[in-house]
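I have placed the structure first, in the form of structure tokens, so that the comments after it can refer back to it.
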């Protein structure tokens with residue numbers, strides 16, 4: 001049984017079952033909790049705290065309530081990592097804060113830049129665990145693809161990350177820290193005159209892990225990211241990708257309201273059971289019903305269905321027509337992703353002719369169906385290629 005799977009409760013009503021599964025998911029993921037955000041010397045990391053928690057932490061060392069707003073601004077708007085940079089705070093107070101707190105960043109252990117300018121970061125966290133993050137630039141903007149877990153529990157057959165055992169969840173500081181670390185790399189914090197290019201304009205939670213199996217930490221991190229007095233990225237520029245953790249989709253929609261992307265990849269349960277094993281728990285019918293319930297879905301904010309093109313498996317005209325049937329009535333678009341090979345992968349990429357034929361059928365039905373151009377393949381940064389060598393035994397050691 002998959003480590004995150006949970007038994008059904010035959011006697012529960014549909015509503016009760018959903019809530020029961022939410023509780024079980026949270027209980028299951030608790031064993032993969034990130035380490036406390038406290039250094040060996042007792043100092044607390046302020047990154048990842050909510051506004052209220054930041055205020056409480058500062059009050060505990062005798063600081064007034066207004067101090068939290070100042071520190072928040074310096075951490076998330078200015079990108080400060082040193083209290084001595086906080087020029088609106090008196091030097092004695094800067095020293096006091098440095099005595100009790102730190103402003104953390106994950107270590108960029110390896111940074112690789114592709115021939116197409118995609119940049120991949122291997123971020124190392126305080127306990128030595130690692131996760132990969134990718135920045136995908138466009139002409140005047142770009143998306144940071146963020147990881148939510150070290151490893152993954154879903155074991156999707158076509159995904160390199162799925163071959164890595166889940167080690168642990170990432171905490172809010174580690175999730176936010178990936179975006180902040182990417183900004184550091186590009187020097188994209190405001191200049192003294194307040195200017196900032198803001199090329200890192202979007203966030204996609206499509207890196208290592210299943211975000212909805214680490215919902216509490218992901219949600220807290222995204223609330224920090226969306227705060228208008230800090231990083232200030234609109235929920236319309238954030239996309240959460242899920243393989244279909246149905247009970248948590250409702251909660252994410254109600255509480256965060258960010259854009260939704262669904263890793264579909266097959267239109268029939270038999271095949272999806274094989275290549276996306278989570279489908280055995282939440283089959284296509286339940287998944288599509290959850291998509292129809294997603295509260296922010298509209299013509300202006302369509303649900304994106306990710307569909308990796310696997311030669312001879314899911315790329316026939318019949319598959320395309322069934323996909324159209326599934327999404328009819330939904331504000332939806334389909335991203336067709338040519339399979340990105342990785343060492344030892346058992347699949348092949350669909351032929352260009354098969355991909356174009358599939359795309360045309362979907363477009364003729366009235367749905368946008370772009371073929372995603374692979375980015376960063378030469379550094380294994382493309383969709384489905386992320387993986388680290390971190391092992392769970394290291395977490396125990």
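No value in this document is a laboratory result; all are computed from the given coordinates. Quick caveat, the model's predicted, so the values are computed rather than measured. Cβ: placed from backbone, ideal geometry, glycine included. Neighbour counts: every protein chain shown.
How far is helix 246-255 tilted, in degrees, relative to the longest principal axis of the Cα atoms in the chain, given as a value from 0 to 90 rounded to the nearest 10? In the chain, helix 246-255 runs at an angle near 50 degrees to the longest axis.
Cβ crowding within 10 Å, taken as a proxy for footprinting-reagent exposure, orders 186, 282 from fewest neighbours to most as 186, 282. The label-point distance for residue 91 and residue 165, in a model that sets each label 7 Å from Cα toward Cβ, rounds to 5.3 nm. Relative to the current alpha-carbon distance between residue 199 and residue 372, full extension at 0.36 nm per residue lengthens the span by 60.3 nm.
Against the main long axis of the alpha-carbon atoms of the chain, helix 352-364 sits at an angle near 90°.
Given 0.36 nm per residue, what is the gain on full extension from residue 321 to residue 274 after removing their alpha carbon distance, in nm? Could the numbers behind the result be given before it?
Working: separation 47, 0.36 × 47 = 16.92 nm, distance 2.07 nm.
Gain in length upon complete extension: 14.8 nm.
Spatially, region 234-254 and region 42-105 are offset by 31 Å when compared through their Cα centroids.
In the chain, helical runs assigned H by DSSP with n ≥ 4 each contribute -39500 (n - 2.57); averaged across all residues and rounded to the nearest 500, the mean residue ellipticity at 222 nm is -9500 deg cm²/dmol.
Relative to the longest principal axis of the Cα atoms of the chain, the long axis of helix 317-327 makes an angle of roughly 50 degrees.
With a Förster radius of 30 Å, plug the Cβ-Cβ distance of residue 289 and residue 357 into 1/(1 + (r/R0)^6) and report the FRET value to the nearest 0.05.
On the way: r = 29 Å, r/R0 = 0.97.
So, using R0 = 30 Å, E works out to roughly 0.55.
Label positions at residue 33 and residue 107, each projected 7 Å from the Cα along the C-beta direction, are separated by 2.6 nm.
To the nearest 0.05, how large is the calculated FRET efficiency for residue 365 and residue 56 if R₀ is 56 Å and r is the Cβ-Cβ distance?
Values: r = 53 Å, r/R0 = 0.95.
Computed FRET efficiency for residue 365 and residue 56 comes out at 0.60.
For 118, 81, 88, which order do you get if you count the other beta carbons within 10 Å of each Cβ and list the fewest first? It would help to have the intermediate numbers written out before the result.
Details: 118 22, 81 15, 88 8.
Fewest-to-most Cβ neighbours within 10 Å comes out as 88, 81, 118.
Quick one: work out the % antiparallel among DSSP beta bridges in the chain, nearest 5.
DSSP beta bridges in the chain are roughly 45 percent antiparallel.
Take the Cα of residue 311, step 7 Å toward its Cβ, do the same at residue 348, and the gap between the two points is 0.3 nm.
Based on other C-beta atoms within 10 Å, arrange 102, 334 from fewest to most. Kindly include the intermediate steps, with their values, before the conclusion.
Details: 102 19, 334 26.
Ascending number of Cβ neighbours within 10 Å: 102, 334.
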